[in-house]
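The structure appears below as structure tokens.
Read-outs throughout are calculated quantities, based only on the coordinates presented, and are distinct from any laboratory measurement. Just so it is clear, the model here is predicted, and its values are computed rather than measured. Here the Cβ positions follow ideal geometry from the backbone for every residue, glycine too, while neighbour counts run over all protein chains shown.
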Amino acid sequence: MSSASSVVKNPTPQHIAIIMDGNRRWAKKYSLPVALGHASGARQVRNIVKACAERGVRYLTLFAFSTENWRRPQDEVSSLMGLLALYLKKEVKSMNAKGVCLKVVGDIAGFDTRIQALIGDAQAQTAHNTTLTLTIAANYGGRQDVVQAVKAWQVAHPTESVEALTEADLSVHLGLPYAPDPELLIRTGGESRVSNFMLWQLAYTELYFTDVLWPSFTAYELDQAIHSYGARDRRFGGAGATLTV
């Protein structure tokens with residue numbers, strides 16, 4: 001009698017995180033200004049948010065602007081800030097129509113007052129939506145997230161020693177306390193690293209790297225990533241979910 005192994009399939013991930021990489025290379029590929037590459041990437045966000053909502057994903061977190069991105073040329077940073085402001089102003093109506101709740105995490109104080117106001121307004125206007133929570137990580141760094149969480153815990157427990165701090169205690173002070181840890185991280189653009197993104201939350205996340213540049217990342221590409229995730233055996237340090245038949 002022959003035997004075979006079958007893997008218990010994972011359901012559609014409830015939380016997908018994406019490092020949206022490749023806007024500049026996409027622009028170079030088509031001999032376009034870098035600003036148009038970023039604009040094309042911003043337009044693609046709407047399509048992927050819609051696709052995730054249609055597939056039953058409950059949380060989508062996008063790495064939009066890292067703490068290291070301030071080192072880019074000033075004209076490029078200004079273009080990115082303009083796109084962020086435009087997105088916050090123009091997408092609220094669409095998010096409300098699709099039931100998308102917007103949250104922004106990161107050092108928001110690092111942005112000018114106009115963008116801070118737009119962030120607050122967009123979050124308030126979409127707070128009642130429940131279909132999908134879209135988190136934009138802006139002026140965000142994973143190491144910074146952990147450091148700020150430790151500081152916040154200390155402020156909340158001024159008389160306690162750090163020896164009392166547990167993983168559960170720290171988690172509630174991190175940037176996304178309202179969301180489960182991502183089951184799937186997608187990085188576009190051909191690089192195979194996490195680049196200081198959600199370092200704590202990605203501890204057991206499945207990683208999916210693709211050469212597709214972000215402005216070309218379609219719903220089909222999203223399905224490929226979800227299919228790859230679904231075929232994996234998630235062990236979490238244990239013996240695994242493989243069954244012998």
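Subtracting the Cα-Cα distance of R114 and L207 from their residue separation scaled by 0.36 nm leaves 29.9 nm. In this model, which of K90/K151; K98/K151; K93/K151; K50/K151; K28/K89; K28/K151 are farther than 32 Å apart at the alpha-carbon? Among K90/K151; K98/K151; K93/K151; K50/K151; K28/K89; K28/K151, the Cα-Cα distance tops 32 Å for K90/K151; K98/K151; K93/K151; K50/K151; K28/K151.
Neighbouring Cβ atoms within 10 Å as the yardstick, rank I18, I119, I108 fewest first.
Values: I18 26, I119 21, I108 14.
Going from sparsest to densest Cβ surroundings: I108, I119, I18.
Using the Karplus relation 6.51 cos²θ - 1.76 cosθ + 1.60 with θ = phi - 60°, the per-residue 3J(HN,Hα) values for segment 72-87 come to 5, x, 4, 5, 6, 4, 4, 5, 5, 5, x, 5, 4, 4, 5, 4 Hz, with x marking Gly and Pro. The fraction of Cα-Cα pairs per 10 angstrom bin, counted from 0 for the chain, comes to 7, 28, 35, 20, 8, 2, 0, 0 percent, rounded to whole percents. Of Q116, V146, Y87, which is farthest on the positive side of the dipole of segment 40-193, counting Cα position, with +1 on Lys and Arg Cβ, -1 on Asp and Glu Cβ, and the Cα centre as origin? Looking along the dipole axis, the top candidate is Y87.
Give me the percent of DSSP beta bridges within the chain that run antiparallel, rounded to the nearest 5.
On the way: 3 of 29 bridges.
Restricted to the chain, the bridges split so that about 10 percent are antiparallel.
Scanning residues 5 or more positions from A17 or on other chains, those with amide H under 5 Å from its amide H are T61, L184, L185, I186, with H placed 1.01 Å from N in the peptide plane. Convex hull volume of the C-alpha atoms in segment 68-169, normalised per residue: 129 Å³. In plain terms, the chain is cut at each of the chymotrypsin sites (Phe, Trp or Tyr not before Pro) found in a DSSP loop with at most 12 other Cβ atoms within 10 Å, and the longest leftover piece is 31-177.
Placing a label point 7 Å from the Cα of R46 along the Cα-to-Cβ direction, the residues of segment 93-110 whose backbone N falls under 18 Å from that point are 93-102. When only the Cβ of Lys, Arg, Asp and Glu is charged (+1, +1, -1, -1), the dipole of the chain relative to its Cα centre reaches about 840 debye. Restricting the calculation to Cα atoms, segment 5-76 yields a radius of gyration followed by a Dmax of 16.1, 55 Å.
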